[in-house]
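**Student:** Here it is, the structure, as C-alpha cells.
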Amino acid sequence: MERQYSSLLLDKAVGEFAKLPGIGRKTALRLVLHLLKQPDADVASFTDAITTMKRDVRYCRVCHNVSDSELCPICADSRRDSSLVCVVENIRDVMAIENTMQYHGLYHVLGGILSPMDGIGPADIEIDSLVSRVAEGGVTEVILALSPTMEGDTTNFYISRRLRGYDVRLSVIARGIAVGNELEYADEVTLGRSILKRTPFEI
C-alpha cells in the first residue's frame, strides 16, 4: 500500500493508531500529530505506560478481571459479599456495573460469550472455572449479567445447564436493558436497577 504522507515514519504511526477500535485514519493522524508536538518526556511516559501495562498487567486468578497482582482489588476486599457472583462477558461490563454502586458481590469474567458462528465454544471462555468456583462452596447465588442478545441468552442457558445439580440460586438481570443492546452501553441508572431487580433464571 502506497504511503499517504510525506513521512514514512508518520504514515507508519498513523497506521498503528488506526488499528485501534473506533479509530479511523483521520483521528489517528490527529493523535499522531498531537504526540509529535509534545515534549520527548511526555511521549516517553505515554509509550512507557502502554509497554508496562502490556508486560505487567495480570488477570485475577479467581474472577479473571484485570489486576496488578494475583488477586484483583474486588476479590481481595473482605467487605464484598462473596456469596454473590455476577457473571459478565468482559472487563468493561465489570466497570459498568461497578459505576452503578448498586452491587457489592464478586464477579466472574467469562472473556466472551458463546457464538458458534464465530467459532467460540464453551472451552474458549471461562465457564469451567465458574463451575469450579460454585463447586468449592460458599456461593449461594450466581447472577447472569450478560447482554440480552441471542448469544448472551445462549450462554445463560448453557451455564444454567452446567450448574444444574449445585445448591445455588440462578438469577438474571431484569430486562430494563433493551433486548439486543450491549451491557456496557446501558446507562448507570438502568443498569443499577436491572441488578437490584434481578429475577430467577428459568429455562
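The values are calculated or read from the model by the stated rules, or taken from the named source; none is laboratory data. Just so it is clear, the model here is predicted, and its values are computed rather than measured. Backbone-built Cβ (ideal geometry, glycine too); neighbour counts: all protein chains shown.
**Student:** May I ask you to list pairs of residues, at least six apart or on different chains, whose Cβ atoms are under 7 Å apart, with the first in the stretch 116-132 being under 14 Å from residue 87 (Cα atoms) and the second being among the basic types (Lys, Arg) and surrounded by 13 or more Cβ atoms within 10 Å (Cβ to Cβ)?
**Tutor:** Partner pairs satisfying both residue conditions: 127/162; 131/162.
**Student:** Which residue is surrounded by the most Cβ atoms within 10 Å (Cβ to Cβ), if the candidates are limited to the stretch 52-77 and must be aliphatic (A, V, I, L, M) and closer than 21 Å to residue 112 by Cα?
**Tutor:** First, pick out the residues of the stretch 52-77 that are aliphatic (A, V, I, L, M): 53, 57, 62, 66, 71, 74, 76.
This time we only want the ones that are closer than 21 Å to residue 112 by Cα, so: 57, 62, 66, 71, 74.
Numbers: 57: 10, 62: 20, 66: 14, 71: 16, 74: 18.
Among those residues, the one meeting the criterion is 62.
**Student:** Going by the structure shown, is residue 96 loosely packed, with under 13 Cβ neighbours inside 10 Å, assigned to a helix (DSSP H, G or I), modelled with pLDDT of 70 or more and not β-branched (Val, Ile, Thr)? Break it down stepwise before answering.
**Tutor:** Values: loosely packed, with under 13 Cβ neighbours inside 10 Å: no; assigned to a helix (DSSP H, G or I): yes; modelled with pLDDT of 70 or more: yes; not β-branched (Val, Ile, Thr): yes.
In short, no.
**Student:** Specify which of the listed residues (51, 27) is under 30 Å from residue 126 (Cα atoms) and more than 20 Å from the chain's Cα centre (by Cα). Outline the logic, then answer.
**Tutor:** Numbers: 27 fails: under 30 Å from residue 126 (Cα atoms).
Result of the check over 51, 27: 51.
Quick grid of which residues meet (1) assigned by TED's automatic domain parsing to the domain that holds residue 139; (2) at pLDDT 95 or above; (3) in contact with a helix residue (DSSP H, G or I) (Cβ under 6 Å, 6 or more places away or on another chain); (4) assigned to a loop (DSSP other than H, G, I, E, B):
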site	(1), (2), (3), (4)
1	no, no, no, yes
27	no, yes, no, no
41	no, yes, no, no
45	no, yes, no, no
87	yes, yes, no, no
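**Student:** Next up: I need the full set of residues from the stretch 104-151 which are farther than 15 Å from residue 65 by Cα and of a type in the set (Ser, Thr, Tyr), in order please.
**Tutor:** Answer for the stretch 104-151, where residues must be farther than 15 Å from residue 65 by Cα and of a type in the set (Ser, Thr, Tyr): 115, 132, 140, 147, 149.
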